[in-house]
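A quick write-up on the structure given underneath.
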Amino acid sequence: MEIVVGQLVFSKAGRDKDRCFVVVRTEGEFAYLVDGDLRKADTPKKKKMKHIRPTSCISQFVVDKINKVGKVTNSEIRKEIQGYKEKL
């Protein structure tokens with residue numbers, strides 16, 4: 001499964017194992033992840049694609065906001081992650 005901007009993913013390795021993130025950028029074999037809490041939008045976590053587990057959920061709000069404004073706020077990221085967790 002290809003990992004795209006706006007997709008919700010879980011970390012498979014590292015200190016942040018099993019934590020939910022939103023992909024804000026991809027670059028080669030790396031994805032840049034934020035959760036709005038420990039990893040803020042200003043300093044995304046650079047993580048190899050093989051170390052993240054993708055979900056089928058893609059936040060269209062995040063995709064649109066990044067395409068229009070170029071970035072999303074931490075509160076918007078937290079809201080999207082919370083909405084996803086409530087669906088589980």
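The values are calculated or read from the model by the stated rules, or taken from the named source; none is laboratory data. Note that the structure is a prediction, hence the values are computed from the model and not measured. So basically every Cβ, Gly included, is an ideal-geometry build from the backbone, and we count neighbours across all protein chains shown.
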Checking the structure you have, find out if any residue of the stretch 49-72 is free of Cβ contacts under 8 Å to residues at least 40 places away in the same chain, over 14 Å from V4 (Cβ atoms) and part of a strand (DSSP E or B). no
Being among the charged types (D, E, K, R), out of contact with any Asp or Glu (no Cβ under 6 Å at 6 or more places or on another chain) and touching a residue at least 60 places away in the same chain (Cβ under 8 Å) is true for just one of K85, K45, K17. Which residue is that? K85
Right, V34: in contact with a strand residue (DSSP E or B) (Cβ under 6 Å, 6 or more places away or on another chain) and touching a residue at least 12 places away in the same chain (Cβ under 8 Å) or not? yes
Options I77, I52: the member that is in contact with a Leu (Cβ under 9 Å, 6 or more places away or on another chain) and surrounded by 16 or more Cβ atoms within 10 Å (Cβ to Cβ): I52
T26 more than 13 Å from I77 (Cα to Cα) and surrounded by 14 or more Cβ atoms within 10 Å (Cβ to Cβ): yes
Just to be sure before I move on: is Y84 touching a Ser or Thr at 6+ places or on another chain (Cβ under 9 Å), modelled with pLDDT under 95 and of a type outside the set (V, I, T) in the structure I sent? yes
